[in-house]
Amino acid sequence: MTALQPARGTHDLIGEEQRRFQRVVDTARRVAATYGFDEWQTPIFEDTNVFSRTLGDTSDVVTKEMYTFQDRGGDSVTLRPEATAGVCRALVSNGLTQSLPQKVFVAGPMFRYERPQKGRYRQFHQIDIELIGPAEPLADAEVIACGWDILKALKVDTDTVLELNTLGDKQSRDAYRDALVAYFTEHQAALSQDSLNRLDRNPMRILDSKDEADRRIVADAPTIAPYLTDAAKAFYDKLKDHLVRFRVPFVENPRIVRGLDYYGHTAFEFVTTKLGAQGTVMAGGRYDGLVAEMGGPLTPAVGLAAGIERLSMLMDAPPPAPAPVAVIPIGDAAEPVAIEVMQSLRANGIRAEMSYRGNIKRRMERANRTGARAAVILGDDDIANGVAQVKDLASGTQEAVPFAHIPSRLK
């Protein structure tokens, strides 16, 4: 019988890969907490409208990548392709729009049907940071600074560059949209079909096309800078000033866009050259209209998301799993005492294991194979005296230690 394999685009997290993964999550959670972000957990699947209404019916995510199906009750549900929409839905559903600001941290799996490639899976994992309520550029700077501090804590900051852009306010975007339509209309004969479909409805999305012919046309497209209102330019300048104060280095990239109406002002990406074509490891921006799309009031918000798999690939090797202590009873009569000793070690936070069978030779061989740092050996005479032989497996030294002192001795 053929062995079953994981579904295409999924992967198992085992051993070092899981330790890398967990280090990213734990580090991000710890750093986000220092910025005042509280952790939320939202459902892995939502009503399809949560995503189709908010991500836009011209987006690749909605048209090509969402895992959408009808449940047994006939309702259309979708596995979450990203976290932000679910967070905003939760804000409205739980009546939190009157309790702002809300600073939210989320970590967990997301799902998109796309071609698997290096660092990209159909079930992938993200950390997500959302700051909901403030309209000031200081909020944008704080979210970006939090992301930068996560990268520094993971020691991958030297491999990443922050690229920054502004999408301006609505007046700026409307003027820019007209300029893009005029420009791309002149080149529509050379545009891909996807870009032609977006030309009237969402021309800013053309700027993010991956089609090579589109990329050549996009290279000479106008940027938003000439179309910024004074207020939009002041917001962007203030953001850059704040980033300097937060000591977050950045470069400006006028091609970073977000194509939906509720995105505005800040757009940014942390990119790397270490992962081939999949260069973005963290990205985000301001989305002041998304909460309203969920049925809530018009609410300012800014956030970021980062791929856990991609960040873990950038990291140096994580520390190995903690070396255990092997508890070794000599004979069946010693096993009950060995169990008590083993549990006392675990109660003191010490990783302890005991083989299920075998003589002392076999148990010692297994202790060495598992990389145990010490062995606690319990024979009849030692038990009668209330002690165990504690052996350092690196140096080979051994001493008799009273039961009550074994945990502190091994710490």
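Here, each number is a calculation from the coordinates, and none is a lab measurement. Just so you know, these numbers come straight off a predicted model, no measurement behind them. Here Cβ is always computed from backbone atoms with ideal geometry, including for glycine, and neighbour counts include all displayed protein chains.
This ranking places 84, 166, 370 by how few other beta-carbon atoms lie within 10 Å of each, fewest first, which gives 370, 84, 166. Length available on full extension from residue 186 to residue 211: 0.36 nm per residue minus the Cα-Cα distance, which gives 7.2 nm.
Counting neighbouring beta carbons within 10 Å and listing from fewest to most, the residues 40, 148 come out as 40, 148. Working from label points 7 Å from Cα in the Cα-to-Cβ sense, the residue 292 to residue 98 distance is 2.1 nm. Among the listed options [x] 5, 24, 35, 25, 8, 2, 0, 0; [y] 4, 20, 29, 25, 15, 6, 1, 0; [z] 4, 18, 24, 20, 12, 10, 7, 3, 1, 0, the one matching P(r) over Cα pairs in 10 Å bins from 0, in percent as calculated from these coordinates is [z]. Toward the positive end of the charge dipole of the chain, with +1 on the Cβ of Lys and Arg and -1 on the Cβ of Asp and Glu, the farthest Cα among 15, 176, 311 is that of 15. When DSSP assigns beta bridges and you keep just the ones with both residues in the range 315-389, what percent turn out antiparallel, to the nearest 5? In the range 315-389, approximately 10 percent of DSSP beta bridges are antiparallel ones.
Our summary gives the range 325-410 a relative contact order of 31 percent, counting only alpha carbon pairs under 8 angstrom and 6 or more residues apart. With R₀ fixed at 45 Å, the C-beta to C-beta distance from residue 64 to residue 339 puts the FRET efficiency at about 0.20. Applying 1/(1 + (r/R0)^6) with R0 = 45 Å to the Cβ-Cβ distance of residue 233 and residue 49 gives a FRET efficiency near 0.80.
Among beta bridges from DSSP that stay inside the range 1-157, the antiparallel ones total about 90%. Reported to the nearest whole Å, the Cα centre-to-centre distance from the range 246-295 to the range 87-121 is 15. Taking the Cα centre of the chain as reference, the dipole from Cβ charges on Lys and Arg (+1) and Asp and Glu (-1) amounts to some 1000 debye. Computed from the Cα positions only, the extents of the range 325-410 along the three principal axes stand at 28, 26, 23 Å, in decreasing order. Across the options 384, 342, 400, the greatest Cα extent toward the positive end of the charge dipole of the range 325-410 (unit charges at beta carbon of Lys, Arg, Asp, Glu) belongs to 342. Based on DSSP, what percent of beta bridges with both residues in the range 257-411 are antiparallel, to the nearest 5? Given both bridge residues lie in the range 257-411, the antiparallel proportion sits at roughly 75 percent. Based on Cα atoms of the range 73-139, Rg over Rh with Rh as the Kirkwood radius reads 1.07. Remark: spin-label model distance residue 361-residue 219 equals 7.3 nm, labels positioned 7 Å along the Cα→Cβ axis. Quick check for you: which residues of the range 301-336 have the amide N under 13 Å from the point 7 Å beyond the Cα of residue 346 toward its beta carbon? Counting only backbone N, you get 325, 327. For the chain, the 222 nm mean residue ellipticity estimated from helices alone, with every DSSP H stretch of n ≥ 4 adding -39500 (n - 2.57) and the total spread over all residues, rounds to -10500 deg cm²/dmol.
Size descriptors for the range 83-239, from the alpha-carbon set: Rg then Dmax equal 18.8, 51 Å. The range 128-170 and the range 327-357 have Cα centres separated by 49 Å.
Of 315, 66, the sequence from fewest to most neighbouring Cβ atoms within 10 angstrom is 315, 66.
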